[in-house]
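Engineer: Below is one structure. I have some questions about it.
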Amino acid sequence: MVKTSNFILFLLFVFIQIILSALIDFGPLLFISIYPLFLLTRPVNTSLPSLMIWAFITGLTVDYFSNTILGINSFASVMMVFFQFRILGLVCRKGDMDNQERPGLRELGFTRFSAYLGISILLHHMTFSMVESFGLTHFIYNLPRVIISVAVNSFLIILIEYGVFYKNWR
Amino acid sequence: MWGKSPFIRALTTLLLFLALQGFSLIIISRESLFQSVRIGGVVMHLKTGVSGFTSDINYYFGLGDVNDMLRAENLKLLRELELYKKISPHSDSLLKSGEVTPDFSYIPAKVVANSTNKLHNYIILNKGRKNGVEKDMGVISPRGVVGVVTSVSDHFSYVISFLNINQSVSAKITPSMAFGPLIWEGRRTDYATLIEIPYHINFMVGDTVYTSGFSTLFPPDLPLGTVRKSEVTKGSHHNIQVKLFQDFSTLHYVNIVVNNNKEELDLIQGRTNGKDK
């Protein structure tokens, strides 16, 4: 049951991501990536290796169907997921998440969830832009793009989280 | 058992992370030209660095063979040169008779022990009586005079180094060919003093000093060093400070000089001395 729901969620996220990023052109200063929400709200008891494999497959699928360089999203999402539990440990107290399955908006509260989300998305986007330009030489030119994308994507993800999962989960 | 130890778990996680990231990078480099060029550049840099390092190591460990080869070749050339020197004045007759023996021949040797920090320095070489080394043979290197053999065992020979305040070498100064003894004053290992050069001899700083060939120990015209500065002593002679070509602290391979005419020379000298006395 859990497995199928995960799979359906995965397909939905990838589908929305592809529609948003590939079919709508937002210009060079913004890239849409909302699939990190799927990875960030994996159950807390998931082991890190399986989480990384999830991230890799998600990233690769998104890459394959959208116009990005193949492998770049998988690199960024694996990087993000690798530090995911540490970031989660930053925003919530020890033992806080023991009874919770999903680190979502309802469970964490708005402030902690947005902090968790913001840091993770920032890490993801930084990695993304660094791999894209492959080095720190274009870092200054990439910075506005990263900042705008982090803001827009965080906003979008919080909207989705609030509208879809906040009320209907369980 | 698997996954029980936190260390192994962390390690597998890290390995998986690296593997996934590496796989992503490979895909990226296959997909995009820009990234592949950059990655190729990094890989090439690493490769050249590593291969340069290993070739340096190989070169270092091959130095012994290279040295042996160069030494053998050098010896061959020196022998040939002595032959040419011998036959050049009267080439026809001797060349046909084929009975040319060079004035000097050489025995290559390796330095076993060496000292430079005393007033009476000595060197021990790995060739001895069984290799044909005898007492009172000169020892040279391509960069100058090294010393004189003073005692010989079966496999080793004991050499009084040129860096010995009792030692002197007969030397001449170009272009005037004035000669005098070159001695070491015991202060610096890279300088020696050429004394008893008459006052009227002209020379310049930078002129080369050679062995004179007036002793039976060393072949003539072996470069020893260059003139660095001079002073006049007692109003009649120059004392010339000579910068030696030979660096005694890095001495490894030398040639022992065998004078093929030594017996004859000693004989005639002894006869004259006997007549004098």
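The values are calculated or read from the model by the stated rules, or taken from the named source; none is laboratory data. Keep in mind that what you see is a predicted model, and the values were worked out from it rather than measured. As a convention, Cβ positions derive from the backbone with ideal geometry for all residues, glycine included, and neighbour counts pool all protein chains shown.
Engineer: If I go through the range A:109-141 residue by residue, how many of them are away from chain B (no Cβ under 14 Å) and under 23 Å from A:Val78 (Cα atoms)?
Structural biologist: Final tally of qualifying residues: 14.
Listed here are the residues, each with its yes/no results for (1) in contact with a helix residue (DSSP H, G or I) (Cβ under 7 Å, 6 or more places away or on another chain); (2) part of a strand (DSSP E or B); (3) at pLDDT 85 or above; (4) closer than 19 Å to B:Gln246 by Cβ.
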{"position": "B:Ala72", "(1), (2), (3), (4)": "no, no, yes, no"}
{"position": "B:Leu78", "(1), (2), (3), (4)": "no, no, yes, yes"}
{"position": "B:Glu99", "(1), (2), (3), (4)": "no, no, no, no"}
{"position": "B:Val133", "(1), (2), (3), (4)": "no, no, yes, no"}
{"position": "B:Val149", "(1), (2), (3), (4)": "no, yes, yes, yes"}
{"position": "B:Val169", "(1), (2), (3), (4)": "no, yes, yes, yes"}
{"position": "B:Pro175", "(1), (2), (3), (4)": "no, no, no, no"}
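Engineer: A further question follows. Provide a single number: the residues in the range B:149-161 that are buried (at least 17 other Cβ atoms within 10 Å of the Cβ) and in contact with a Ser or Thr (Cβ under 9 Å, 6 or more places away or on another chain).
Structural biologist: Of the residues in that region, 6 qualify.
Engineer: Quick one: in the range B:233-254, of everything that is assigned to a strand (DSSP E or B) and under 16 Å from B:Tyr210 (Cβ atoms), which residue is nearest to the chain's Cα centre (by Cα)?
Structural biologist: Only one residue tops the list, namely B:Leu244.
Engineer: Which is modelled with pLDDT of 80 or more and either under 30 Å from B:Val257 (Cβ atoms) or within 13 Å of chain A (Cβ to nearest Cβ) (or both), of B:Gly22, B:Gly41, B:Gly3?
Structural biologist: B:Gly22
Engineer: What about A:Ile69, is it part of a helix (DSSP H, G or I) and of a type in the set (A, V, I, L, M)?
Structural biologist: The answer is no for A:Ile69.
Engineer: Can we say A:Pro43 is surrounded by fewer than 18 Cβ atoms within 10 Å (Cβ to Cβ) and at pLDDT below 90?
Structural biologist: Yes.
Engineer: Between residues in the range A:29-40 that are at pLDDT 85 or above and residues that are of a type outside the set (Asp, Glu) and assigned to a loop (DSSP other than H, G, I, E, B), which pairs lie under 6 Å by C-beta distance while being six or more apart or on different chains?
Structural biologist: Between residues of the range A:29-40 that are at pLDDT 85 or above and residues that are of a type outside the set (Asp, Glu) and assigned to a loop (DSSP other than H, G, I, E, B), there is no close pair.
Engineer: Pick from A:Ala76, A:Ala22: which is assigned to a helix (DSSP H, G or I), crowded, with 17+ Cβ neighbours inside 10 Å and of a type in the set (Gly, Ala, Ser)?
Structural biologist: A:Ala76
Engineer: So, one more: Please count how many residues of the range A:52-65 are more than 9 Å from chain B (Cβ to nearest Cβ) and surrounded by fewer than 21 Cβ atoms within 10 Å (Cβ to Cβ).
Structural biologist: Going through the range A:52-65 one residue at a time, the tally reaches 5.
Engineer: Is it fair to say B:Ser230 is outside any strand (DSSP E or B) and within 30 Å of B:Arg187 (Cα to Cα)?
Structural biologist: no
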